[in-house]
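Here the structure comes first, spelled out in structure tokens, and everything after it is commentary.
The values are calculated or read from the model by the stated rules, or taken from the named source; none is laboratory data. What you see is a predicted model; the values in this text were computed from it and never measured. Glycine also receives a Cβ, built like all others from the backbone with ideal geometry; neighbour counts cover every protein chain displayed. Keep in mind that these areas ignore ligands, DNA and RNA; they rest on the heavy atoms of the full protein, side chains included. Shrake-Rupley method; radii C 1.70, N 1.55, O 1.52, S 1.80 Å.
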Amino acid sequence: MPGTGPYPGAVGMMMAVSFERYGRLYYLDPGPYSPTVGTKVLVPTDTGPEVAECIWAPQWVDGEVAGLPVCAGLAGADDLARDEANRAKRAQARVAARRLIRDHGLPMKVIGVDYADSPPVFTVYFSAPHRVDFRALVRDLAGRLGGRIDLRQIGPRDEARLQGGIGPCGRDLCCATFLKDFEPVSVRMAKDQDLPVNPLRIAGACGRLMCCLKYEHPLYQDFHEQAPKLGESVDTPDGPGVVTGHSVPGDAVVVKLAADGSRKVCERASVCGSRKAYEAMHGQQPGDGTR
């Protein structure tokens with residue numbers, strides 16, 4: 001059912017917030033509130049409302065937004081004071097964890113710390129080359145911080161998400177901003193996009209294959225299924241020729257013309273392959289039989 005917003009097809013309003021400056025974005029239904037960019041708002045979480053900063057002001061969107069968590073209100077002075085105290089607790093826990101890890105001689109690296117104040121629970125995220133016996137560390141850390149300790153070992157992709165950084169494209173890491181789930185990425189995707197199969201060129205900050213290899217892969221698959229193959233004879237608006245290259249982002253093919261040997265970039269839709277090649281790909285059409 002169409003939405004009631006001021007724009008045709010709008011079905012609801014959405015805003016984006018972040019718990020950390022330049023951190024991952026979370027999307028909310030603004031409800032009855034109209035925060036501006038930079039306003040501190042309350043976001044419902046499993047441990048109660050938490051303070052976050054509005055990054056995108058509420059706006060009408062054309063997509064389905066049902067099911068988004070609803071903004072719990074604008075942050076007041078008490079909320080901001082509580083958030084500042086929790087940040088101090090997290091910083092204290094990070095320093096204490098690093099010192100105790102060094103004292104215990106454990107091969108662990110602290111990546112991030114979360115803190116819930118009711119009841120006090122510290123969640124420490126760490127990376128390690130293998131499983132670690134950290135029982136003694138948990139006891140000492142609980143005594144030092146005065147709360148329950150939850151240690152969680154994470155992999156390279158989650159480590160990059162928590163730490164953040166800049167990707168080869170010059171933008172903030174996708175996993176640290178908007179990417180919610182890690183989908184499988186394979187070397188085949190790089191080959192299909194004519195990228196060099198060089199780990200230094202196709203690996204992200206986590207050392208694994210870049211997640212963005214999957215973004216345009218369906219486009220390349222569709223193009224290669226429908227476009228004439230390299231070496232195939234085709235007809236173009238400038239005459240017959242042979243396909244010598246593809247330009248997938250431009251949805252075009254490079255054709256060497258038979259008339260003068262020159263190369264021309266033609267839109268894929270304007271290039272016609274031979275009837276034999278068409279029937280081999282799509283099958284003989286009804287009514288096309290010989291008489």
**Prompt:** What trypsin sites (Lys or Arg not before Pro) does region 115-222 have in DSSP loop regions with at most 15 other beta carbons within 10 Å?
**Reply:** Arg131, Arg171, Lys180
**Request:** Under a 10 Å cutoff between Cα atoms, tell me which one of Gly73, Gly261, Gly204 has the largest fluctuation in the Gaussian network model of the chain.
**Result:** Gly261
**Request:** Pairs of lysines 8 or more apart, or on different chains, with alpha carbons under 24 Å: count those in region 125-269, would you?
**Result:** 7
**Request:** Tally up the carbon and sulfur contribution to the accessible surface of the chain as a whole percent, 1.4 Å probe, everything protein left in place.
**Result:** 53
**Request:** Counting residues in region 22-106 as N, plug N into 2.2 N^0.38 Å and put the Cα Rg over that result.
**Result:** 1.42
**Item:** Long-range tail of P(r) for the chain (Cα pairs > 31 Å, %)
**Value:** 54
**Asked** For region 53-197, treating each Cα as an identical point scatterer without solvent, what Debye log10 I(q)/I(0) comes out at q = 0.09 1/Å?
**Response** -0.44
